[in-house]
Amino acid sequence: MAKRLLKGGRVVDPANGRDGVFDVLMDGDRIARVGHDLTVDAGVTVVEIPSGLVVCPGLIDMHVHLREPGQEHKETVATGTAAAVAGGFTAVACMPNTSPVNDNAGVTEYILKKAAEANLARVYPIGAVSRGQAGEQLAEIGELHQAGCVAITDDGRPVATAMLMRRALEYAGMFSMPVIEHCEDQTLKGDGVAHEGFHASALGLRGIPGQAESIMALRDIALAELTAGVVHIAHMSARQTLDAVRWGKSRGARVTCEVTPHHFVLTDEMLRAPIAYDTNVKMNPPLREPADRDAMLAGLADGSVDVIATDHAPHHYDEKRVEFDHAGVISLSRLVELLSVNPARILRVPGGSLSEGASADISILAPDLHVTVSAAAMRSRSKNTPFDGWKLRGGVAATIVGGRTVYVNDEIGLSL
Amino acid sequence: MKKDLLGIGDLTRDEIYLILDTAEAMREIGQRPIKKVPTLRGKTVVNLFYEPSTRTRTSFEIAEKRLSADTLNIAVATSSVLKGETLVDTAMNIEAMAPDVIVLRHASSGACHVLSRICRSRVINAGDGMHEHPTQALLDAFTIREHKKRIDGLKVVIVGDLLHSRVLRSNVLLLTELGADVWVCGPSTLVPIGVERLGVRVSTSVEEAVKDADVIMMLRIQHERMQGAFIPSVREYFNTFGMTPARVSRAKPDVIIMHPGPMNRGVEIASEVADGPYSVILEQVANGVAVRMAVLYLLAGGVED
């Protein structure tokens, strides 16, 4: 691959303390130099980045379900990563609740083979904590690690018992892999389907209190303290859970957390309006009340939330941009931390910076682009979203993985 | 009126009164020697019941027949659900045969809303999960109005399993809309979170709740609630919340006792109360036919569809 120069964009690279107009020189699959007004030899392709666009380290979505193997009607590695790059993501980490479960090296290798064939976003498989995610016996975590898994989780359900979680944290700690936890006390959840509150009561839907989540988070934080393990709280929805994470962090516990766009944008009021019983707003964990949503926004701003992840629908970069950057809740630099720097750090994978010599995984964002979400136009094989028809500000101009342009937004038409 | 009757929330106060007034006329039809009018002749009504029901299904069917509609009962057995046909598919198939009205009873809250979005036919909610049972609330209001000549300003106390009750939700919406002072009473484990936001007073003391009540409405306690650890035992429930003559005596002398049925005698209500002079439980059943005739007429009886 030849040398290419991204000239004149606003570079936001918090890992290197950069936020300003810089040139970025790519040499093959690497970032060669970042600096002001770089002069280049003849033969280097110069790509002028219009002002208003942002060049940042590739976004990493650390919580997606690619559904392959086993549920290819919902999504495949190819369609999921196509959606990811269109959303500005250069890498995704995929959950193990496939069929069969990613609890052995064979499944991990299959996913990586499909990812190589698709050749779009990087794919980091996440292995199961327990065999078959049955919550009884540890999966062969060492082998999963060797095969390429970057973390373990029983996502879709919580790690069944405190003892199993303890062992998982101890064992995965040997490989410096975090245990990603889907926090949900199953007994407290019962057969609940929506956030326990006025709206669920009025609709006659069985409720799930926020404490079903926070109780499990508190258990896991305590166990992270007991062991050498690292716990990452997935798709946090309740303000009580965020309080638990803050408490854990204040004690120095090795705990990190993520929140999804739907949980910091939407609330359980959507259960009733505009459409009563719209199943597009049914999700697990459920959309919670405004106080929870506001707590998530506060957590994004004050640093207690580490990561924004999508939890499935990988075409939602645009949604993530709404409601806070322009509204002033967080800076663009903080956004890049949440979407790139921190996921790379937590999963211990490359990326998260535009350092010289680093892999050329780059997202070029268009913060002022007006975007209308269209379920029908999504590249994912699944077309269900609670954001259908929303008019948002902020989109993606192009996505570069390992120096290769894998997505260009025709509306902006960068000649990459 | 809207195309469908999914819940009391779909009705304005004027529409509620229109239904109640129309039901007065309909009741008169039921007192004739020939209990039939041609109002819905040529209209097809499908009673689609996914849950067992004797009272409500029979009541709808009699109402439909008195209005000369062609009626058809589909009791969807659990087995055909297990065969895999979804509610939507079943409804689409019925819809393809062009009925005018579908009366739906279903165990899932919101099932009627799903049907309403896909069907041209008018949909009447005959009970959806824990959500609403609007015709029950209308017949309750009709019965109360008959005895008290008004609803505004009455103290109405609803006692029992509030959490799982669709009768509760519909009644609260209707009675508060018409200006009643509504109290709800039950064990804390069976009180829906945030129910006070519907404009009701919540009490866990049945003695307090029934004091000076004009109307006491009992709700059924289902035996399976004991397994869910909602209440310790039937015995304790009856001791704490059961409607006994002593408790009724705290209410106004002309109090009426209501129950949507089926009753558990000795669980939520003592037989002396159920069969007592203040009980209007069988009147509720009788009025159910008139109220459902009114709803069917107002939804499907017009020239314009």
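How large is the accessible surface per residue of region B:143-300, computed with a 1.4 Å probe and reported in Å² as a whole number? Result: 38 Å² of accessible area for each residue. Only Lys, Arg, Asp and Glu carry charge here, each on its Cβ (+1 for the first two, -1 for the last two); on that basis chain A has a dipole of about 200 debye about its Cα centre.
One Cα centroid belongs to region B:185-216, the other to region A:233-249; the line between them spans 35 Å. In this simple spin-label approximation, A:Q211 and B:E272 carry label points 7 Å from Cα along the Cα→Cβ vector, and these lie 4.0 nm apart. In whole Å, what is the distance between the alpha-carbon centres of region B:232-305 and region B:52-70? Between the Cα centres of region B:232-305 and region B:52-70 lies a distance of 20 Å.
In region A:96-233, the DSSP beta bridges split such that about 10 percent are antiparallel, to the nearest 5. Summary of the geometry: region A:1-20 and region A:43-109, compared by the centres of their Cα atoms, lie 22 Å apart. Loop-located chymotrypsin sites (Phe, Trp or Tyr not before Pro) in region B:45-124 (DSSP state not H, G, I, E or B) with no more than 10 neighbouring Cβ atoms inside 10 Å do not occur. Can you give me the angle between helix A:162-173 and the longest principal axis of chain A, using Cα atoms only, in degrees from 0 to 90, rounded to the nearest 10? Helix A:162-173 sits roughly 30 degrees off the main axis of chain A. Helical runs assigned H by DSSP (4 residues or longer) give chain A a calculated mean residue ellipticity at 222 nm of -7500 deg cm²/dmol, each run adding -39500 (n - 2.57) before division by the residue total.
Separation of the alpha carbons by more than 30 angstrom is noted, of A:K282/B:K3; A:K189/B:K211; A:K189/B:K2, for A:K189/B:K211; A:K189/B:K2.
Taking 41 Å as R0, compute the FRET efficiency from the Cβ-Cβ separation of B:I118 and B:T176 and round it to 0.05. The partial results should precede the final answer.
Values: r = 31 Å, r/R0 = 0.76.
Efficiency, from the Cβ-Cβ distance: 0.85.
Please give the FRET efficiency for B:R55 paired with A:R393, using the beta carbon to beta carbon distance and R0 = 51 Å, rounded to the nearest 0.05. Spell out each step's value before the answer.
Values: r = 55 Å, r/R0 = 1.09.
That pair, B:R55 with A:R393, gives E of 0.40.
The values are calculated or read from the model by the stated rules, or taken from the named source; none is laboratory data. Small disclaimer: the values here were computed from a predicted structure and weren't measured. Here the Cβ is made from the backbone with ideal geometry for all residues, glycine too, and neighbour counts use every protein chain on show. Note: areas computed on protein heavy atoms with side chains; ligands, DNA, RNA excluded. Shrake-Rupley method; radii C 1.70, N 1.55, O 1.52, S 1.80 Å.
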